[in-house]
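To start, the structure itself, in structure tokens.
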Amino acid sequence: MPEKYHIATKPVPPRRPRIGKYGIVDWREDCARCHNCVKKACVYDRHRDEVKYIRNLDSVDALFFDCMGCFSCVQDCTKNLLCLSINPEYEKLGNSYWTPEIIQTTWVQAETAKIPVSGAGYGGKFSGYGFDSMWTDMSEIVRPTRDGIHGREYINSAVDIGQKSSFLVLNGDNVVSPLSPILSIPMPLIIDRIPDKYALPKLDAIIVETAVKTGLIALVDAKKWPLTGVDADKCLPHIAFYFASDATMLPREILEKTRLAEIEDDRNVKSRIRELKQIHPGIVVTVRVELTAGGIQRAIDLADEDVEVIHIKADSNGQEIGSEHPMFIKDMIRNVHRTLVEKGRRDDLTIIAGGGIALPEHMAKGVLCGADLVSIELPLLVGLECHLCHQCGDSHTCPAKIQEISLSYGVGRMTNLISAWHDQLVELMGAMGMRDARRLRGDVGRAMFFEQLEEEAFGRLFGNRLQA
Ligand code: SF4
Ligand code: SF4
């Protein structure tokens, strides 16, 4: 059995007061001072925690909101003195896509490296926008792949990046057909560049160190090299340089230590790929295609031009860029994947999909829709207690004080988050009866889509839903 992919983690507590969803308001007046006060019965011990918290409070705007919202104390208080309240700071987190729930669950994973537990039953909506209108088929949950999660078998989350040959030409025992370089990474995830809006110089070093620690690859703008505080020999195998159209090539001795590079899509794509391959024949080159109105077609056209990897990228909310009626990333991935399958070109290239990948389930769903792997950036920033404020920059006081973070805090939190994502991928694959992440790609038979189910159930009765 191959050695299991394992990420070493340890808890990294938050630097800032927790911004939970619920808090308890205790009216106190008319308290009967019951001997068996319901506060003592809180299984999470939140009332005692609150007392300790208040003793050490150094900022009046950081009240204690860390209740789990189980309602036990609220319901059982004989004088009805306790009531549950929702934290207004919690409701301000993120935006309509990066919801407070997503941000808070990311914080918990970055702190503990554990899979978040929401309690018995799912209290949310049946279906929603984007990835929430897609479900994975967990009907294999009792099958032997469950053993992979608990150690007796191996669930392989590794994927390959590069062009796979569809046939081999042999001369005796020798393979004579050209073989393209391929690199394997331990889970279907690479780390993308943090958008300029949120970028801080120290984040690059933290992200690169995290890539080394997790065995993944991080995209770094070639214009920023060399990064301060980074051991080049250790980090370069985990760095993929991004070359914008106007970026100059890096020296051979630097490039030769890397395994992947990304170039901006332009008319010179082919010559830039050739240039990179001449310097370092073993490098895999990906072309970044922004998913604007013509993005899907451009990705499909590039596949005809013998490009080995395409990185399709929606905006940070997973939407088509610059469109009034944008498609969502899952539909765009399916479109590109299906068209390439129909053309018989799908196995000739790797598709990396990014934009709107906010939760580990999105990683798995992106792959089920047809991507080989996904790219993420904002979840790692959120892991550092970022609120994803509407404005971020010099004129705005950062509530997460991101500029004060240390390397060990940043790397620890990002590593924890990636480990929790990996564990959830393995859980999900185990429940789906899948032992190899490569087999997840495009396997929509293992997924259910709300629109499709609705049409099958009600289309003949009520007609089809009007599309925007
Ligand atoms: S609602 Fe539940 S978790 Fe919150 S303080 Fe009361 S008993 Fe504890
Ligand atoms: S928390 Fe700080 S880094 Fe995050 S968006 Fe707000 S200002 Fe920017």
Q. Any chance region 312-324 includes a residue that's of a type outside the set (D, E, K, R), under 16 Å from the mean Cα position of the chain (by Cα) and not in a loop (DSSP other than H, G, I, E, B)?
A. yes
Q. Counting only residues that are more than 7 Å from ligand 1 (Cβ to nearest atom) and assigned to a loop (DSSP other than H, G, I, E, B), which one in region 33-42 is least open to solvent (accessible area, probe 1.4 Å)?
A. C37
Q) Are any residues in region 347-360 in contact with a Lys or Arg (Cβ under 7 Å, 6 or more places away or on another chain) and in a helix (DSSP H, G or I), and if so, which ones? A) D347
Q. Is there a residue being more than 16 Å from ligand 2 (Cβ to nearest atom) and either among the hydroxyl-bearing types (S, T, Y) or not in a helix (DSSP H, G or I) (or both) anywhere in region 361-370?
A. yes
(Q) Pairs please, first residue from region 275-301 and closer than 18 Å to K257 by Cβ, second anywhere and acidic (D, E) and open to solvent by less than 20 Å² (accessible area, probe 1.4 Å), Cβ atoms under 9 Å, 6+ apart in sequence or on different chains. (A) V284/E308; V285/E262; V285/E308; T286/E262; T286/E308
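For (1) part of a loop (DSSP other than H, G, I, E, B); (2) closer than 25 Å to P11 by Cβ; (3) within 16 Å of ligand 1 (Cβ to nearest atom), each residue gets a yes or a no:
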site	(1), (2), (3)
C386	yes, yes, no
T397	yes, no, no
R413	no, yes, no
L417	no, yes, no
M429	no, no, no
Q452	no, no, no
Q: Go through (1) in a strand (DSSP E or B); (2) open to solvent by 10 Å² or more (accessible area, probe 1.4 Å) one by one and return the number of the condition V220 breaks.
A: (2)
Q.
Name the single residue that is farthest from the chain's Cα centre (by Cα) among those in region 43-92 being part of a helix (DSSP H, G or I) and within 16 Å of ligand 2 (Cβ to nearest atom).
A. E89
(Q) Checking the structure you have, find out if any residue of region 333-346 is in contact with a strand residue (DSSP E or B) (Cβ under 7 Å, 6 or more places away or on another chain), without any contact (Cβ under 8 Å) to a residue 40 or more places away in the chain, closer than 21 Å to A303 by Cα and not in a loop (DSSP other than H, G, I, E, B). (A) yes
Q.
So in region 387-438, with the set limited to residues that are open to solvent by less than 40 Å² (accessible area, probe 1.4 Å) and of a type in the set (S, T, Y), which one is farthest from ligand 2 (Cβ to nearest atom)?
A. S419
Q | Those residues of region 335-387 which are over 20 Å from E111 (Cβ atoms) and among the small types (G, A, S), in sequence order | A | G344, A353, G354, G355, G356, A364, G366, G370, A371, S375
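Yes/no matrix, rows are residues, columns are (1) modelled with pLDDT under 75; (2) of a type in the set (D, E, K, R); (3) open to solvent by 70 Å² or more (accessible area, probe 1.4 Å); (4) farther than 27 Å from I7 by Cβ:
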{"position": "G119", "(1), (2), (3), (4)": "yes, no, no, no"}
{"position": "G128", "(1), (2), (3), (4)": "no, no, no, yes"}
{"position": "F131", "(1), (2), (3), (4)": "no, no, no, no"}
{"position": "T136", "(1), (2), (3), (4)": "no, no, no, no"}
{"position": "I141", "(1), (2), (3), (4)": "yes, no, yes, no"}
**Q.** Evaluation of I207 against (1) under 30 Å from P399 (Cα atoms); (2) open to solvent by 70 Å² or more (accessible area, probe 1.4 Å) (one fails), failing number
**A.** (2)
Q: Looking for whichever is within 25 Å of the chain's Cα centre (by Cα), in a helix (DSSP H, G or I) and at negative phi here; the options are R274, R298. Which one fits?
A: R298
Q: Give region 55-89 a look and list any residue that's closer than 19 Å to P100 by Cβ and either away from ligand 1 (no atom under 15 Å from the Cβ) or out of contact with any helix residue (DSSP H, G or I) (no Cβ under 8 Å at 6 or more places or on another chain) (or both), or say none.
A: D61, A62, L63, G69, C70, S85, I86, N87, P88, E89
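The values are calculated or read from the model by the stated rules, or taken from the named source; none is laboratory data. Fair warning: this is a prediction, and the values are worked out from it, not measured in the lab. Counting neighbours? That spans all protein chains shown, and the Cβs are built from the backbone with ideal geometry, glycine included. The area values use the complete protein model at the heavy-atom level, side chains included, leaving out ligands, DNA and RNA. Shrake-Rupley method; radii C 1.70, N 1.55, O 1.52, S 1.80 Å.
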